[in-house]
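Worksheet for the structure shown next.
The values are calculated or read from the model by the stated rules, or taken from the named source; none is laboratory data. All values derive from a computational prediction rather than experimental measurement. No Cβ is skipped: glycine too gets one built from the backbone with ideal geometry, and neighbour counts run over all protein chains shown. For accessibility, only protein heavy atoms count, side chains too; no ligands or nucleic acids. Shrake-Rupley method; radii C 1.70, N 1.55, O 1.52, S 1.80 Å.
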Amino acid sequence: MALGWRSCQQLARPRVWASGSLRHFAGSLWNEYEDRAGPSYLDMQATTPVDPRVLDAMLPYYHGRFGNPHSRSHSYGWDAEEAIEKAREQIARLINADAKEIFFTSGATESNNMAIKGVAEFYEGSGKKHIVTTQTEHKCVLASCRRLEVDKGWSVTYLPVDKYGLVNLQELEDAIRDDTALVSVMHINNEIGTMQPVEEIGRICAKKQVFFHTDAAQSVGKVPVDVKHVGAALMSISAHKMYGPKGVGALYVRRKPRVRLRPVIDGGGQERGMRSGTLATPPIVGFGAAAEVCMQEMDNDTRHVQKLYKRMHDKITEELPQITLNGSPSQRWPGNVNLSFACVEGESLLMSLAKTTAVSSGSACTSASLEPSYVLRAIGVSEDLAHTSLRFGIGRFTTEAEVDNTVNDVVREVRRLREMSPLWELELEALKTGGQKQAVTWS
């Protein structure tokens, strides 16, 4: 007997219960009725699944409430505009900002471009011609800085980081010059999970009277972020990193003391002239709902992720020798588990896991490249060991079963690949005779 559309929808929908304006979610994202033939998903830094409560909030705006938020002459437009302003307030509350300081974009890449290029173009006439950033920033930040160097003649200081991925605060302060317009430092690194001391950086920038921008795509919604405590003048946010939809993000732009930007996109003057283009109501509504859910679930999410991180890390390191955790062991987001497996080619391990587990060898934005991760190289990981690294992403909907299955698969495949490698035999021999040191120099 064929099921009707509503019956299928009920079977596919995770169990939820109502409480207030949003519904609380029970259990795994993958409910008991769903046949999951695909691999476990452990790539939460690349993207997160949309929370069912977020999807519920979005759906009405794809059909019955489809108005253009910039249509001011009828109720469809008024309704859409009201929904967008509500989302703006929800996102502002998440980071303790004013709703007027939130500007919607297509995602964190656009927000980062808008912050860096917008500040540079507005303030270059006042004698500002220098930016300070780090070598481990997201590619869009590095590319934006490089564009200013090549096209506009700006000077950019790319600060090194230590073996844990942390910037030296004294070096950062010393790098700021009289003509420095902006300091841009990522909050949580997308590849290794290291959490920079952004509050201390914010205080240095305030003392030096330069703007501080932070790419917070990997932190907002996962850890408490207060723009006032951070001292950020600008902050980039992404919806799909916090269980919201893809294609929408935001840039926080401080009002007092005021930060001025030159728009990167020109047009009809939407977003108070900061970013032209018709706003996409359904994703923005989802973004707002995701922000509200994150406020409700942050403590639960943190406990859940910390427990699964310890479970995964401890089991892998107990079963396998010569495993390195990349990034800071203490100042990190535990949902990012970046491990190097000595004498195992990362791409081979990745392919051997592909049928059972979705993981990555680094940033999704540069995953097509065969070059070793520039982030791992910046923290001093050798080129050979960088090629052995995988990133496991744990999140709200990751289950213990997924972690256990992944650990079992990783242990089995690493052992199999090492048995095939003559380098592993040399490595073991070196450990027996000379302690914890590399047996050979790979070339």
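Some notes on this structure:
- When residues in segment 300-329 are screened for being open to solvent by 20 Å² or more (accessible area, probe 1.4 Å), of a type outside the set (Phe, Trp, Tyr) and within 30 Å of LEU428 (Cβ to Cβ), 14 of them pass.
- Residue check for GLU173: touching a strand residue (DSSP E or B) at 6+ places or on another chain (Cβ under 9 Å) and not in a strand (DSSP E or B): no
- Residue among GLU149, GLU124 that alone is part of a helix (DSSP H, G or I), free of Cβ contacts under 8 Å to residues at least 12 places away in the same chain and of a type outside the set (Ser, Thr, Tyr): GLU149
- Residues in segment 104-136 that are in contact with a Ser or Thr (Cβ under 7 Å, 6 or more places away or on another chain), of a type outside the set (S, T, N, Q) and buried (at least 24 other Cβ atoms within 10 Å of the Cβ): ALA108, MET114, ALA115, ILE116, ILE131, VAL132.
- Check on ASP226, under 27 Å from GLU149 (Cβ atoms), of a type in the set (D, E, K, R) and surrounded by fewer than 24 Cβ atoms within 10 Å (Cβ to Cβ): no
- Single residue of ASN96, ASN112 found to be in a helix (DSSP H, G or I) and at pLDDT 95 or above: ASN112
- If you go through segment 58-105 and keep only what is within 30 Å of the chain's Cα centre (by Cα) and either at positive phi or of a type in the set (Lys, Arg) (or both), you end up with LYS86, ARG88, ARG93, ASN96, LYS100.
- Residues in segment 44-76 that are open to solvent by 30 Å² or more (accessible area, probe 1.4 Å), farther than 19 Å from MET295 by Cα and hydrophobic (A, V, I, L, M, F, W, C): LEU59, PHE66.
- Flag if GLY231 is small (Gly, Ala, Ser) and open to solvent by 10 Å² or more (accessible area, probe 1.4 Å): yes
- Residue that is open to solvent by 30 Å² or more (accessible area, probe 1.4 Å) and either more than 23 Å from GLU383 (Cα to Cα) or without any contact (Cβ under 8 Å) to a residue 24 or more places away in the chain (or both), where the choices are GLU297, GLU292: GLU292
- Among the residues of segment 277-336, those that are under 22 Å from ILE237 (Cβ atoms) and touching an Asp or Glu at 6+ places or on another chain (Cβ under 7 Å) comprise ALA290, VAL293.
- Residues of segment 176-207 that turn out to be among the acidic types (Asp, Glu) and either assigned to a loop (DSSP other than H, G, I, E, B) or in contact with a Cys (Cβ under 6 Å, 6 or more places away or on another chain) (or both), as a count: 3
- Selection within segment 246-265 - in contact with a Phe, Trp or Tyr (Cβ under 7 Å, 6 or more places away or on another chain) and either closer than 28 Å to MET295 by Cα or open to solvent by 40 Å² or more (accessible area, probe 1.4 Å) (or both): VAL248, ALA250, LEU251, VAL253, VAL259, ARG260, ARG262
- Breaking point among (1) modelled with pLDDT of 95 or more; (2) touching a Gly at 6+ places or on another chain (Cβ under 7 Å), for ALA83: (2)
- In segment 202-218, residue nearest to the chain's Cα centre (by Cα) [restricted to those that are closer than 26 Å to PRO329 by Cβ, crowded, with 24+ Cβ neighbours inside 10 Å and not acidic (Asp, Glu)]: GLN218
- Scanning segment 393-408 for residues that are out of contact with any strand residue (DSSP E or B) (no Cβ under 9 Å at 6 or more places or on another chain) and either touching a residue at least 60 places away in the same chain (Cβ under 8 Å) or acidic (Asp, Glu) (or both) returns GLU400, ASP404, VAL407.
- Residue within segment 291-300 that is outside any helix (DSSP H, G or I) and β-branched (Val, Ile, Thr) present: no
- Of the strands (runs of 3 or more DSSP E) that lie entirely inside segment 320-423, those containing 1 or more residues that are β-branched (Val, Ile, Thr) and touching a helix residue (DSSP H, G or I) at 6+ places or on another chain (Cβ under 7 Å) span 323-325, 336-341.
- Evaluation of GLY268 against the conditions (1) surrounded by fewer than 18 Cβ atoms within 10 Å (Cβ to Cβ); (2) more than 30 Å from GLU85 (Cα to Cα); (3) modelled with pLDDT under 95 shows that the sole unmet condition is (2).
- Complete set of residues in segment 180-201 that are open to solvent by 40 Å² or more (accessible area, probe 1.4 Å) and more than 20 Å from the chain's Cα centre (by Cα): GLU200
- Scanning segment 68-79 for residues that are part of a loop (DSSP other than H, G, I, E, B) and farther than 18 Å from PHE287 by Cα gives HIS70, SER71, ARG72, SER73, HIS74.
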